[in-house]
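These notes are about the structure you will find just below.
Read the figures in this text as sums done on the coordinates, not as results from a lab. The model shown is predicted, which means the values in this text are computed figures rather than measured ones. Cβ sites come from the backbone with ideal geometry, for glycine too, and all protein chains shown count toward neighbours.
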Amino acid sequence: CIPYEKNLNGVINAAKSSYSNGPIEGINRKIKELKRACYGFSNQANMFTRVYQLIA
């Protein structure tokens with residue numbers, strides 16, 4: 001049994017499509033790096049402010 005056999009239609013559609021989740025993955029990576037760098041912020045609102053500045 002090939003691992004992607006049950007998802008073959010999805011694999012084919014992804015190969016044909018021009019859409020990519022790359023930009024979203026890039027934003028997720030930046031947010032995770034920010035979370036690591038900002039460990040110890042005094043409150044969560046400050047971190048959310050930084051996230052909004054990061055992705056704007």
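Data for the structure
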read-out	value
Contour minus Cα-Cα distance for Ile27 and Leu54 (0.36 nm per residue)	8.9 nm
Per principal axis, descending, Cα span of the chain in whole Å	51, 26, 14
Residue-count net charge about Arg29 - beta-carbon cut-off 14 Å; Lys, Arg +1, Asp, Glu -1	+2
C-alpha long axis of helix 22-37 to longest principal axis of the chain, angle in °	30
Added length on full extension, which subtracts the Cα-Cα distance from 0.36 nm per residue, Met47 to Asn9	9.7 nm
Per DSSP, loop chymotrypsin sites (Phe, Trp or Tyr not before Pro) in the chain with at most 11 further Cβ within 10 Å	Tyr4, Tyr19, Tyr39
Cα-based helix-to-principal-axis angle, 44-55 vs the chain, degrees rounded to 10	50
Cα centre as origin, Lys/Arg/Asp/Glu Cβ charges: the chain dipole, Debye	160
Cα-projected label distance for Arg36 with Ser18, points at 7 Å along beta-carbon direction, nm	3.5
